[in-house]
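Structure below; questions to follow.
The values are calculated or read from the model by the stated rules, or taken from the named source; none is laboratory data. Note that the structure is a prediction, hence the values are computed from the model and not measured. Neighbour counts run over all protein chains shown; Cβ positions are idealised from the backbone, glycine included.
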Amino acid sequence: MSRAFPAAVKELRFLFCQHAQASAGARQYIVNHYAAVKKANPDVPLLVREASGTPARVFARFERGVERHVEVDGLSEQEVDKAVSSLVAS
């Protein structure tokens, strides 16, 4: 997903384990899509947090402090892309 997010999206956070196979899709998404997503959304902080044993999740913070998240543990890179797209569109 390299298109601009809706204006309501204020922050996107990726949490995953740096070693677990279940987080491989999230790691590949960051490697392959981070630059394009950041270029399309230069004012939106994109935070990447790695922690051993953490299940892969993506959090979106919207205006007025509303937060939503999706579990992406065990998903492929393409499935993570779809999950991020649906998260920021909600």
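If I ask for residues that are closer than 20 Å to ALA4 by Cβ and not basic (Lys, Arg), which ones from region 68-85 would you list?
VAL70, VAL80, ASP81, ALA83, VAL84, SER85, listed by residue number.
Filtering region 9-22 down to residues that are within 10 Å of GLU50 (Cβ to Cβ) and under 12 Å from the mean Cα position of the chain (by Cα), which residue is surrounded by the fewest Cβ atoms within 10 Å (Cβ to Cβ)?
Only one residue tops the list, namely LEU15.
What pairs come out if I take residues in region 15-32 that are of a type in the set (A, V, I, L, M, F, W, C) and pair them with residues that are crowded, with 19+ Cβ neighbours inside 10 Å and assigned to a helix (DSSP H, G or I) whose C-beta lies under 8 Å away, six or more apart or interchain?
Pairs that qualify, where the first residue is of a type in the set (A, V, I, L, M, F, W, C) and the partner is crowded, with 19+ Cβ neighbours inside 10 Å and assigned to a helix (DSSP H, G or I), are PHE16/SER23; PHE16/ALA26; PHE16/ARG27; CYS17/SER23; ALA26/VAL80.
Residue by residue, here is whether (1) under 19 Å from GLU67 (Cα atoms); (2) among the charged types (D, E, K, R); (3) at pLDDT below 95 holds:
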site: LYS10; (1), (2), (3): yes, yes, no
site: ARG13; (1), (2), (3): yes, yes, no
site: PHE16; (1), (2), (3): yes, no, no
site: GLY25; (1), (2), (3): no, no, no
site: GLN28; (1), (2), (3): no, no, no
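Is at least one residue of region 39-49 without any contact (Cβ under 8 Å) to a residue 12 or more places away in the chain and out of contact with any strand residue (DSSP E or B) (no Cβ under 8 Å at 6 or more places or on another chain)?
Yes, there is a match, as at least one residue in region 39-49 is without any contact (Cβ under 8 Å) to a residue 12 or more places away in the chain and out of contact with any strand residue (DSSP E or B) (no Cβ under 8 Å at 6 or more places or on another chain).
May I pose another question? In region 35-57, how many residues are polar (S, T, N, Q), surrounded by 13 or more Cβ atoms within 10 Å (Cβ to Cβ) and farther than 14 Å from PRO6 by Cα?
Final tally of qualifying residues: 1.
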